[in-house]
Amino acid sequence: MKTEASASITQLSHFKTQQKRVSPPQTTPLKSSSASAKHDRFLKIQAVLDRVGIARSTVYAYMETGNFPTPIKIGRASFWSEIEITAWMDALKKQAGKQ
């Protein structure tokens, strides 16, 4: 019988094996008419958690079901796009307003 901690570790290790490793781009910067796209930042997990106000385990559970932006890997570190996190939050607000 697995304990809750070992189940979480199993889920996390399963998630880590599915993450894509991305090398830093060697192309020109993204050209966009959106002013916010020009100011996209990479956020570490703690910044994401502070911003969205949900638990780390919930973020990873949402990612597994496709309900949260996935991080990009730079070396061993994971980073989330600030624009994607903001868009996710905006979509939740919009959905909550419809109900």
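The values are calculated or read from the model by the stated rules, or taken from the named source; none is laboratory data. Predicted, not measured: the structure shown is a model, and the values here were computed from it. Glycine gets a Cβ as well: all are built from the backbone with ideal geometry, and neighbour counts include every protein chain shown.
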| message | Given the condition of a type in the set (K, R), assigned to a helix (DSSP H, G or I), modelled with pLDDT of 95 or more and surrounded by 12 or more Cβ atoms within 10 Å (Cβ to Cβ), answer yes or no: does some residue in the range 65-73 qualify? | response | no
| remark: Within the range 74-99, residues loosely packed, with under 11 Cβ neighbours inside 10 Å, among the charged types (D, E, K, R) and either in contact (Cβ under 8 Å) with a residue 40 or more places away in the chain or over 17 Å from K44 (Cβ atoms) (or both) come out as D90, K93, K94, K98
| Within the group K16, K38, K44, K20, which residue is under 11 Å from the mean Cα position of the chain (by Cα) and either among the charged types (D, E, K, R) or modelled with pLDDT under 95 (or both)? | K44
| message | Looking at the range 45-55 only, could you name the residues that are charged (D, E, K, R) and surrounded by fewer than 13 Cβ atoms within 10 Å (Cβ to Cβ)? | response | D50
